[in-house]
1. Compute the signed sum of charges (Lys and Arg +1, Asp and Glu -1) over the other residues within less than 13 Å, Cβ to Cβ, of residue 95.
2. Using a cut-off of 14 Å between beta-carbons, work out the net charge of the residues near residue 83 (Lys and Arg +1, Asp and Glu -1, residue 83 not included).
3. Hey, got the Cα dimensions of region 16-145 along the principal axes, in Å, largest first?
4. Over region 69-145, with every protein chain in place, what whole percent of the accessible area is carbon and sulfur at 1.4 Å, could you tell me?
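The values are calculated or read from the model by the stated rules, or taken from the named source; none is laboratory data. Not measured: the values here are computed from a predicted model. Glycine gets a Cβ as well: all are built from the backbone with ideal geometry, and neighbour counts include every protein chain shown. The protein model used for the area step is the full one, side chains on, heavy atoms only, and it has no ligands, DNA or RNA in it. Shrake-Rupley method; radii C 1.70, N 1.55, O 1.52, S 1.80 Å.
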Amino acid sequence: MNRRKRAICLAFLLLPILPVLGGCPKGSVTHKVTVAQHNFRFAVQAFQDAEISEFQKGFVPQDLHVKMQDAIGKVALAGIDLDNALAAGSPPATLKVKLDAIYSLLDSLLNDGILGVKNPSTKATLEIALDSIKAIIDGALIQVS
């Protein structure tokens, strides 16, 4: 992954969410989606770490590694967009659009990357990591629907 994409992913993971958490009542839709967003960051990082590890072991071909790192970079950017919407106090309908966009990117990551991995153990590891991210987004979507 090039330095720019790594910096984007790192910035996404390190963006503070405390101002958002402090500004919304506990139990509100915004609060619940913000908590999900916090968990989402860690799950995205876990996926990226797993993919890089499998690539370094030789189980992910270079072309798929590049595709998946590009896709996870786009997921990170969409996460920043969601962070900004949360910080702005956007209504649930706007948050739903942002979450749907992330879900679409995750589907693309599966179809254009993970499904091309030949090693069954590696493929299963990446699918589980991806499913963890999707479960978090599913939970957030329930809050805004």
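1. The answer is 0.
2. Its environment carries a net charge of +1.
3. That gives 47, 23, 20 Å along the principal axes, largest extent first.
4. Exposed carbon and sulfur together represent 59 percent of the surface.
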